4 protein chains.
Amino acid sequence: MDTVQQLEIEPGMSVYALVERMSRCGFGARRLAEAVAIYEKMLTGNFTKFLTLSGAMVPAGMRHIVSDLIRKGYVDVLVVTGANLVHDIIESFGCHCLGKAESDDAALRASGVSRIYDVFLRDEDFAAFEELMQSIMPQSSKTLSGREMMSILGSRIDDERSILRSAYEMKVPVFCPALPDSMIGLQAWMYSQTKKLTVDAFADIKEIVDICYACERSGIVIVGGGVPKNFALQSMLVTPKSFDLAIQLTTDSPENGGLSGATLSEAISWGKISEKASFVTVYGDATITFPVMVAAALERLKNGSHPP
Amino acid sequence: MDTVQQLEIEPGMSVYALVERMSRCGFGARRLAEAVAIYEKMLTGNFTKFLTLSGAMVPAGMRHIVSDLIRKGYVDVLVVTGANLVHDIIESFGCHCLGKAESDDAALRASGVSRIYDVFLRDEDFAAFEELMQSIMPQSSKTLSGREMMSILGSRIDDERSILRSAYEMKVPVFCPALPDSMIGLQAWMYSQTKKLTVDAFADIKEIVDICYACERSGIVIVGGGVPKNFALQSMLVTPKSFDLAIQLTTDSPENGGLSGATLSEAISWGKISEKASFVTVYGDATITFPVMVAAALERLKNGSHPP
Amino acid sequence: MDTVQQLEIEPGMSVYALVERMSRCGFGARRLAEAVAIYEKMLTGNFTKFLTLSGAMVPAGMRHIVSDLIRKGYVDVLVVTGANLVHDIIESFGCHCLGKAESDDAALRASGVSRIYDVFLRDEDFAAFEELMQSIMPQSSKTLSGREMMSILGSRIDDERSILRSAYEMKVPVFCPALPDSMIGLQAWMYSQTKKLTVDAFADIKEIVDICYACERSGIVIVGGGVPKNFALQSMLVTPKSFDLAIQLTTDSPENGGLSGATLSEAISWGKISEKASFVTVYGDATITFPVMVAAALERLKNGSHPP
Amino acid sequence: MDTVQQLEIEPGMSVYALVERMSRCGFGARRLAEAVAIYEKMLTGNFTKFLTLSGAMVPAGMRHIVSDLIRKGYVDVLVVTGANLVHDIIESFGCHCLGKAESDDAALRASGVSRIYDVFLRDEDFAAFEELMQSIMPQSSKTLSGREMMSILGSRIDDERSILRSAYEMKVPVFCPALPDSMIGLQAWMYSQTKKLTVDAFADIKEIVDICYACERSGIVIVGGGVPKNFALQSMLVTPKSFDLAIQLTTDSPENGGLSGATLSEAISWGKISEKASFVTVYGDATITFPVMVAAALERLKNGSHPP
């Protein structure tokens, strides 16, 4: 049996150097190192790469990690909550602010501030968002899929660091299966009161299932569970294929029985993930684990990865 | 200051008798008692009552609690994940099984069993589900809202304990904002390949926003967070109204920054919940807290509630 | 395979009636029902019954549940944190108050209030505690074990609902393995500056190990993990015996690797729990799960238990 | 208001470079960056530095981080669980192994392996531990404090990377307030059956309280809560002083009401932490957050820290 090697810190060490040493530790440290190893394999091998994104990742500062991964060709399919796209669009012209979790929420409301844990958003940015949305919403006599609408919106956002814009430029399909559950959905509905815009609720299904069918080998990074996790896994389930590599970063526990904390092993019983797959779940706040994982994996690639 | 009263157990005591005593305790016990008090107020007062449902509540055995609440007139609006509706439909003809969380998932797959934590589902029940769906899916030349489709499905399910059927009979609107992210969505898409069925992704927004506008006073019970939580809160946000009563049962923590664990106080900063609202979050597994809350509140009502 | 039976609520139902129905549900509900079944077996069979108690259970109102269990003969060995005993003693003359978790802690300090989440404690009660302790501390030329000191303190507390007093009267040994880590320890040390009082740090080990050796069959209820959990399990480990029944109520998750969340299965690998044992972990706030479990089990016993 | 700055990953970046960018993010990322800033201040300023250690940190590979901090003069007082010291001693001659969390625990027992989540320990290492302990236990006619016993054990461990040895050499007092709750305690008790060894349960209190009294300014790093957290905070509480800097790394949530998850703000109400203190809690697995925090802070110091 291999032995635990007590972790040695060297001041100034790189992120990967630290993570590499975690691979001989226990608990979360080892899982994080496994995630990096699987991610390296995913990025260097011939895998169709899915990324699913839940939780307020963009307000928390994770936007450029995602758009950079897209631009580097490390994302083939993005499945995402509407909220992350709303905040992606807001960042293209406005900002989020460093707030405090322990705040007087009634006072915040009185001063026109909405709170996302310790991040603040000002009403004027929401107002500008609404104005922008009304100006870039697509008019179309043809019924669109959600993916098509996301692509058109992406083409009209004037910020190359935008997730939607980057996906548009890189031809990465963006799926937002709970589109009505977001301010983009709300704005689309308002727009459709006076202009021609119809989105078919089910059209995305065909598009993503086609992608799944076409995969030779596939890998998935699941950040935060929720609808994006389920939508990606369910789409693969419809096909005879299954994911070969899978990484899950979540704060939820399996014991609660919900999907966001469900083990990836559970997904094997469904046929969503291959029984031969390499997979790992890293429990913890993805604002820590996601940047560390990406930084470590990109460092490996830069230095000429030799995955084991 | 009121004092903690050490809880006294009396063998044979009713659920409410126990919960009532928890109101003078600390921590989760007190929160659960507050939830019951708020729920009693919601059910006895003149409130438009929202219920949002996430997590695998139906597989875990919470289906009849929901359908009974609907039939008793205690739910005016239901917002729910597609998965819960899928399993509601499966229960109308098939079953879920008592399994084990520690299982060999590859062996389960080999024997045609899908696992949801410690609940098992057999492939034949999924096959029967698919067959049923193809026979009850609505054909319509008119574009439907998701709510309309749910209502038609409900009318065609032959099981009075079904959530969908009960909602249909009681004229309770059912919103499933992530409809494509479910096997109902998948079946609808397959059906639409050969038959006429189109669902407008945004039509539900108008319907639920209209309900929110029409509310004089409103209360919400949020089970499990996720898309249903956000969709209900966002819909109220669009209006000048806000929720007057709110109960959240969740396993997520505020510290993670995600919506499922976000405090209800945070929702005040957005204007989703009134700053004068009574609200409480009960942290813990909703398969325990939801039945206890409902049993205690219904006992109060049966005995002639006199909310404080 | 047995099927999930959807839970039916009947207004006015007893706690056991509700829990019994949870036995055919999934997730936490089923685990709670299993805990009740195991507890019923423990209380009706010929088992040496250990109870370990961590977390601020007494401030939160769980004191009388514990002292009643002791007086009913349902506890043979109590292993507990010092803090719970401190608060047990405070309750014998003073009180804890219903506070708020969201408080200005600096303002509380200024007004002489210490906070335990949403429970408040006034400085005057601590002062009275200190005075009482100095008056009831044992003077002894003989070196005492911690258990002996707890017994003497129990004999001098004038409150029959006290945990320490109840244990003294019922001859139930009380072990507090982190005694120095409590205000009892602090007071003992102050007392020993002028009076004769010496406690041997290791004497308790012999006493509890002797009990473990003498067990024919044994069961353990672990509330909250921590030092009390480990001390009880480690003591059994030293002997050729192991626990036959085990229930764990905890908010911690196995994934973190710490003992408080470790599965009871893990304890089998150590030989602390028998591989033939019946055991279950209920994840969640023990201020909810502990009263529900005890109420349900006592109801069974009152009605003439027939454990399966 | 300062704005969130979307985090930029640069392949090859150092740990501090990454963490520094987290300071402009939200949620756990920002808290981790705050922890590093406070730790840097603690290590560069004139603070008496406390470190408390709970959870199976040594089996998980965190031993050398601790012993290096001690040898670098970055720890003035160590408060620790017995288990971590047991495993520190085992590492001085034996090893821990990389195991699997999903194991057949009965089979592990049969093959003489004890499991700590995904770390394995062989019976022969425990046997060697017991033998070593019987050979290095101090014989003393004088009653010892726990701290004295730890110091003597440290002097007799032949491994300069050992925590106990490093503390001995650096004259750092090691407090283990739940000493009987560990295999060191068990071995001490066995030894005392035939040799002269008595440890006064309360003697450590005086020693640590004296240190607290003598502090001009003080800081504390709390890894994992539990008894070590409480013992350190309680000792400061006895004095007119309070901690000026505090960092807590924990997987527990405040909502459960227990001490391990209690906010550091709560400690202000007790007077354990100064109301003017800088403090932060990082929620998550300490096998990730502790190495990252230490690596980042040491990098700052190496590069000539200029704390803000």
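If you go through the range D:244-268 and pick out every residue that is without any contact (Cβ under 8 Å) to a residue 40 or more places away in the chain, more than 23 Å from C:VAL227 (Cβ to Cβ) and not hydroxyl-bearing (Ser, Thr, Tyr), you end up with 1.
Among the residues of the range B:281-308, just one is within 8 Å of chain C (Cβ to nearest Cβ), farther than 18 Å from B:SER23 by Cβ and outside any helix (DSSP H, G or I), namely B:ASP285.
Only residues that are within 14 Å of chain B (Cβ to nearest Cβ) and either of a type in the set (Gly, Ala, Ser) or part of a helix (DSSP H, G or I) (or both) were counted across the range D:221-261, and they come to 9. Among all residues of the range A:102-110, there is none that is more than 13 Å from chain B (Cβ to nearest Cβ), in contact with a Lys or Arg (Cβ under 7 Å, 6 or more places away or on another chain) and surrounded by fewer than 23 Cβ atoms within 10 Å (Cβ to Cβ).
Based on what the data block shows, is C:ALA296 crowded, with 24+ Cβ neighbours inside 10 Å, under 30 Å from B:ALA33 (Cα atoms) and not hydroxyl-bearing (Ser, Thr, Tyr)? I'd like the intermediate steps shown before the answer.
Details: crowded, with 24+ Cβ neighbours inside 10 Å: yes; under 30 Å from B:ALA33 (Cα atoms): yes; not hydroxyl-bearing (Ser, Thr, Tyr): yes.
It is true that C:ALA296 is crowded, with 24+ Cβ neighbours inside 10 Å, under 30 Å from B:ALA33 (Cα atoms) and not hydroxyl-bearing (Ser, Thr, Tyr).
Applying the condition of being more than 9 Å from every other protein chain (Cβ to nearest Cβ) and in a loop (DSSP other than H, G, I, E, B) to the range A:113-138 and asking which residue is nearest to A:GLN187 (Cα to Cα) yields A:MET137. Is there a residue being free of Cβ contacts under 8 Å to residues at least 60 places away in the same chain and polar (S, T, N, Q) anywhere in the range B:93-112? Yes: the range B:93-112 contains one or more residues that are free of Cβ contacts under 8 Å to residues at least 60 places away in the same chain and polar (S, T, N, Q). None of B:GLU20, B:GLU34, B:GLU8 is out of contact with any Lys or Arg (no Cβ under 6 Å at 6 or more places or on another chain), acidic (Asp, Glu) and within 8 Å of chain C (Cβ to nearest Cβ) except B:GLU8.
How many of the residues making up the range A:184-208 are assigned to a helix (DSSP H, G or I) and either more than 7 Å from chain B (Cβ to nearest Cβ) or more than 27 Å from the chain's Cα centre (by Cα) (or both)? Give the derivation first.
Filtering the range A:184-208 down to residues assigned to a helix (DSSP H, G or I) leaves A:184-194, A:203-208.
The next check asks that each one be either more than 7 Å from chain B (Cβ to nearest Cβ) or more than 27 Å from the chain's Cα centre (by Cα) (or both); those that pass are A:184, A:187, A:190-194, A:203, A:207-208.
Within the range A:184-208, residues that are assigned to a helix (DSSP H, G or I) and either more than 7 Å from chain B (Cβ to nearest Cβ) or more than 27 Å from the chain's Cα centre (by Cα) (or both) number 10.
Looking across the range C:262-280, the residues that are surrounded by 24 or more Cβ atoms within 10 Å (Cβ to Cβ) and either in a strand (DSSP E or B) or in contact with an Asp or Glu (Cβ under 7 Å, 6 or more places away or on another chain) (or both) come down to C:ILE268, C:SER269, C:ILE273.
Which of the following residues is assigned to a helix (DSSP H, G or I), surrounded by fewer than 22 Cβ atoms within 10 Å (Cβ to Cβ) and of a type outside the set (A, V, I, L, M, F, W, C): B:SER151, B:SER141? Testing whether each residue is assigned to a helix (DSSP H, G or I), surrounded by fewer than 22 Cβ atoms within 10 Å (Cβ to Cβ) and of a type outside the set (A, V, I, L, M, F, W, C) leaves just B:SER151. Scanning the range C:208-236 for residues that are surrounded by fewer than 24 Cβ atoms within 10 Å (Cβ to Cβ) and over 20 Å from C:SER145 (Cβ atoms) yields a total of 2.
Taking first residues from the range D:269-298 that are within 17 Å of A:LEU249 (Cβ to Cβ) and partners that are of a type in the set (Lys, Arg), the Cβ contacts under 7 Å between residues at least 6 apart in sequence or on separate chains come to D:VAL282/D:ARG31. Looking across the range C:70-82, the residues that are in contact with a helix residue (DSSP H, G or I) (Cβ under 7 Å, 6 or more places away or on another chain) and of a type outside the set (Val, Ile, Thr) come down to C:ARG71, C:TYR74, C:LEU78, C:GLY82.
Rule-based calculations on the coordinates, nothing more; no lab input. Since the model is a prediction, treat every value here as computed from it, not as a measurement. For neighbour counting, all protein chains shown are included, and Cβ atoms are generated from backbone atoms with ideal geometry for every residue, glycine included.
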